[in-house]
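Inspection log for the structure reproduced underneath, given as structure tokens.
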Amino acid sequence: MSAKEIKALVRRWFEEANKGKAAALAVIDELYATDIVCHLSGGVDIRGLKDLKQYYSESELYSAFPDLHFTIDDMVVEGDKVATRWTWTGTHKGKFMGIPPTNKKVTMWAISIDRVSGGKFVEEWNRSDTLGLMQQLGAVPTPAKGK
């Protein structure tokens, strides 16, 4: 695949994810290889399309942040890999990771590196600023700024 085609694949995923959980789940078969391997923050590894679908089905993200919106900030393609720096924003309206709704508007950044083959994602490494999110939600104290 060309760099342009790989970028289009990433954009397609984010476009569908912005339409909601059902839309994201609907395109997983089309965009991800059956033997997909995802290495996520927190030491979570997902292996295979079935487990990926289950992960997204059980995710609290869309119910906790009903106005969830993803933005691609940067993308760089090298060979069969694409590095994407992205953010999501949302208002905390539902329980998330045990945290009751706070009505706070939050932003979280993440960086994903995806390997693409045969027009589909085959492997992904993802790191997210979970600490920053927890600080925004008030679940973890923010360090005091120096004087």
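The values are calculated or read from the model by the stated rules, or taken from the named source; none is laboratory data. Please read all numbers here as calculations on a predicted model, not as lab measurements. Using ideal geometry, Cβ is built from the backbone for each residue, glycine included, and neighbour counts are taken over all protein chains shown. Keep in mind that these areas ignore ligands, DNA and RNA; they rest on the heavy atoms of the full protein, side chains included. Shrake-Rupley method; radii C 1.70, N 1.55, O 1.52, S 1.80 Å.
Just a few scattered comments:
- Point-to-point label distance, residue 50-residue 117, nm (Cα→Cβ direction, 7 Å offset): 2.1
- Based on protein heavy atoms only, region 1-79 ends up with 55 Å² per residue of surface accessible to a 1.4 Å probe.
- Positive-end residue of 139, 96, 76, charge dipole of the chain with Cβ unit charges: 139
- Local charge for residue 25 was computed over the other residues whose Cβ lies under 10 Å away, with Lys and Arg +1 and Asp and Glu -1, and equals 0.
- For the chain, the carbon plus sulfur part of the accessible surface works out to 54%, probe radius 1.4 Å.
- Antiparallel DSSP beta bridges within the chain, as percent of all bridges there, nearest 5: 90
- Residues of region 35-69 with an amide N closer than 12 Å to a point placed 7 Å from the Cα of residue 91 along the Cα-to-Cβ direction: 65-68.
- Seen from all directions on average, the chain presents a Cα convex hull projection of 9.5 nm².
- Computed magnitude of the charge dipole of the chain (debye, nearest 20; Cβ of K, R +1, Cβ of D, E -1): 600
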